[in-house]
Amino acid sequence: MNNSSLSRSARRRVFTVIFCASLGLSMNAHAQDWWSKAKNVLNSGTGQQVMDALGTSSSSALGLSNSEISAGLKEALTLGTKQVVNQLGAQNGFNLDPKIHIPLPGPLARVDSALSSIGMSSLTDDLELRINRAAEAATPKAKELFISAISQMTLDDAKSILTGPQDAATQFLRRAMGPELETAMRPYVQSALAQAGALRAYDSVMGQYGQIPFMPDVKANLNDYAVDKTMNGIFYYVGQEEAAIRTNPAARTTDLLKKVFANR
């Protein structure tokens, strides 16, 4: 049989068989070239299984139903989100973590330098601490928002995520739902900033800075900045949790996760 004797759809089916089946076959990459592997796949039980399943769902050929793929990904993200919230919502979850610690907003670097020069750096140090405390206080509010967003994931989303990179689901959430999540988080962060004393500390810092002669005006939107950095920290660790579930069998704590992420 050669390519000329196959219709376009038939050639597509053969290629799909080769590609899908090779995903589920463990072979020595140095022992055979790609075409030899492809022929072996087509002649194997796995290849026949994929061929039989092509009319319905290629996921079924790999032993997974559509509902299992969707449920597995949603379970992975839900578990990961809860772990992230517990970690970052604790005291010093942001403040003592060098990966997500929130520094002063960029425009306040000049203010920090000016106050340090007159021995008042403690004011900006206190402000930075309070911003991180606000992020820690607001993070638990993200849990239900994430779970709601995860529940809206479609089957097509789930299928593309399953075969994507280690943070495919996290990227999807950030791209598709990030703006809505940030909008929903805004009042929580604003309230946390006030309760942590960050807004009062900011006024104190700017008041002292304003008394230094010949200093240019500096403004920073503390709420927007804190919302952005809080979400960055949360998404960073959601991505880490997703990668762990994909690559570390010990992180797959349920039978469904073990099945869905086996050999992925």
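The values are calculated or read from the model by the stated rules, or taken from the named source; none is laboratory data. These figures come from a predicted structure and were not determined experimentally. Every residue, glycine among them, receives a Cβ derived from its backbone with ideal geometry; neighbour counts consider all protein chains shown.
Computed quantities for the displayed model
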| item | result |
| --- | --- |
| Lone qualifier among Thr78, Thr46 - being surrounded by 13 or more Cβ atoms within 10 Å (Cβ to Cβ), within 24 Å of Val227 (Cα to Cα) and modelled with pLDDT under 90 | Thr78 |
| Val205 vs. criteria at pLDDT below 90, more than 31 Å from the chain's Cα centre (by Cα) and of a type in the set (Val, Ile, Thr) | no |
| Residue in region 176-188 that is over 17 Å from Met231 (Cβ atoms) and either of a type in the set (Asp, Glu) or surrounded by fewer than 21 Cβ atoms within 10 Å (Cβ to Cβ) (or both) present | no |
| Total residues in region 101-145, condition assigned to a loop (DSSP other than H, G, I, E, B), hydrophobic (A, V, I, L, M, F, W, C) and over 25 Å from the mean Cα position of the chain (by Cα) | 2 |
| From the options Ser122, Ser160, residue that is of a type in the set (S, T, N, Q) and over 30 Å from Gly80 (Cβ atoms) | Ser122 |
| Sole exception among (1) without any contact (Cβ under 8 Å) to a residue 60 or more places away in the chain; (2) within 30 Å of Ser65 (Cα to Cα) for His101, by number | (2) |
| Leu222 in contact with a helix residue (DSSP H, G or I) (Cβ under 6 Å, 6 or more places away or on another chain), assigned by TED's automatic domain parsing to the domain that holds Ala135 and under 22 Å from Asp97 (Cα atoms) | yes |
| Flag for Ala137 being in the same structural domain as Glu242 (by TED's automatic domain parsing) and closer than 28 Å to Arg110 by Cα | yes |
| Residues located in region 192-203, provided they are free of Cβ contacts under 8 Å to residues at least 60 places away in the same chain and under 15 Å from Gly89 (Cα atoms) | Ala192 |
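Yes/no matrix, rows are residues, columns are (1) modelled with pLDDT under 80; (2) outside any helix (DSSP H, G or I); (3) over 28 Å from the mean Cα position of the chain (by Cα):
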{"position": "Ile147", "(1), (2), (3)": "no, no, no"}
{"position": "Thr170", "(1), (2), (3)": "no, no, no"}
{"position": "Met177", "(1), (2), (3)": "yes, no, no"}
{"position": "Met215", "(1), (2), (3)": "no, yes, yes"}
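Residue-wise test of (1) aliphatic (A, V, I, L, M); (2) closer than 24 Å to Gln171 by Cα.
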| position | (1), (2) |
| --- | --- |
| Leu77 | yes, yes |
| Ala90 | yes, no |
| Phe94 | no, yes |
| Lys99 | no, yes |
| Pro107 | no, no |
| Val111 | yes, no |
| Leu115 | yes, no |
| Met120 | yes, no |
